[in-house]
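Colleague: I'd like to ask some things about the structure below.
The values are calculated or read from the model by the stated rules, or taken from the named source; none is laboratory data. Note that this is a predicted model, so its numbers are computed, not measured. Cβ atoms come from the backbone with ideal geometry, glycine included; neighbour counts cover every protein chain shown. Please note that ligands, DNA and RNA were not included when accessible areas were found on the heavy atoms of the full protein model with its side chains. Shrake-Rupley method; radii C 1.70, N 1.55, O 1.52, S 1.80 Å.
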Amino acid sequence: MRDEVQPNVRAFPLSPRTGRGRPPLRVEELSMSLLDGFEGGPADTVVLPIWSDERPLTGLAALIDWRTCAWLSRALREGVTTGARGEATLTMTRRLGAAWRVVMIGMGERGGLDREDARELGDGIFDVLARLGARKVLLGVPSGRRDPSLPLSLCEAIAGRLQDAAAGARDPRDAPIWWAVAEPELVPYLRALAEGRP
């Protein structure tokens, strides 16, 4: 009995090292050209965790703000979003080719967050995006310059939820995929986290 070949169906990519599906959390280093690779591409949603007391914006939020002629800065100035902890602001944009919607998540004041709070925030971010039905997400990892443990704890919570969602998907192609966009100093730690290494 021969296997039937279905047209237009791609095999789910397997990791050459482990034989498992590729990790649902992928890590990209923040660079000026990063958004060009996502222009009209694989993401449906950009999520930007924003501190209420950090201006100017940093990380992916700063890059998007620059590429959209200060669109995010205007939203903050006009009070559309404030960065207050737990606040979630959804907006659609035609100015950004990387995705058709942006979700800004308030993280509160930078000094008011500990590791457990950051993990809870990561769970909250995942829940918001799951309710929106987002499957391909570009996550702007918050800056780790003052305390790298906070963005790593946030991403650890998200990675755990993504692993659970991938394991529960009937078809691996239906599992959510997130790209974590981070400053260069966080990238090695995030890649180890994404690959399940200690």
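Colleague: May I ask you to list the residues in the stretch 65-94 that are β-branched (Val, Ile, Thr) and touching a strand residue (DSSP E or B) at 6+ places or on another chain (Cβ under 7 Å)?
Modeller: Matches in the stretch 65-94: 80, 81, 82, 89, 91, 93.
Colleague: Right, residue 96: touching a residue at least 24 places away in the same chain (Cβ under 8 Å) and surrounded by 18 or more Cβ atoms within 10 Å (Cβ to Cβ) or not?
Modeller: On the way: touching a residue at least 24 places away in the same chain (Cβ under 8 Å): yes; surrounded by 18 or more Cβ atoms within 10 Å (Cβ to Cβ): yes.
In short, yes.
Colleague: A further question on this structure: Quick check on residue 168: is it free of Cβ contacts under 8 Å to residues at least 40 places away in the same chain and either of a type in the set (Phe, Trp, Tyr) or over 22 Å from residue 189 (Cα atoms) (or both)? Don't jump to the end; show me each part of the working.
Modeller: Values: free of Cβ contacts under 8 Å to residues at least 40 places away in the same chain: yes; either of a type in the set (Phe, Trp, Tyr) or over 22 Å from residue 189 (Cα atoms) (or both): yes.
Considered against the rule, which asks whether it is free of Cβ contacts under 8 Å to residues at least 40 places away in the same chain and either of a type in the set (Phe, Trp, Tyr) or over 22 Å from residue 189 (Cα atoms) (or both), residue 168 comes out as yes.
Colleague: Within the stretch 173-194, work out how many residues are open to solvent by 60 Å² or more (accessible area, probe 1.4 Å), under 13 Å from residue 24 (Cβ atoms) and touching a residue at least 40 places away in the same chain (Cβ under 8 Å).
Modeller: Within the stretch 173-194, residues that are open to solvent by 60 Å² or more (accessible area, probe 1.4 Å), under 13 Å from residue 24 (Cβ atoms) and touching a residue at least 40 places away in the same chain (Cβ under 8 Å) number 1.
Colleague: Quick one: would you say residue 73 is modelled with pLDDT of 65 or more, out of contact with any His (no Cβ under 6 Å at 6 or more places or on another chain), in a helix (DSSP H, G or I) and not aromatic (Phe, Trp, Tyr)?
Modeller: Taking the combined requirement at face value, the residue satisfies it.
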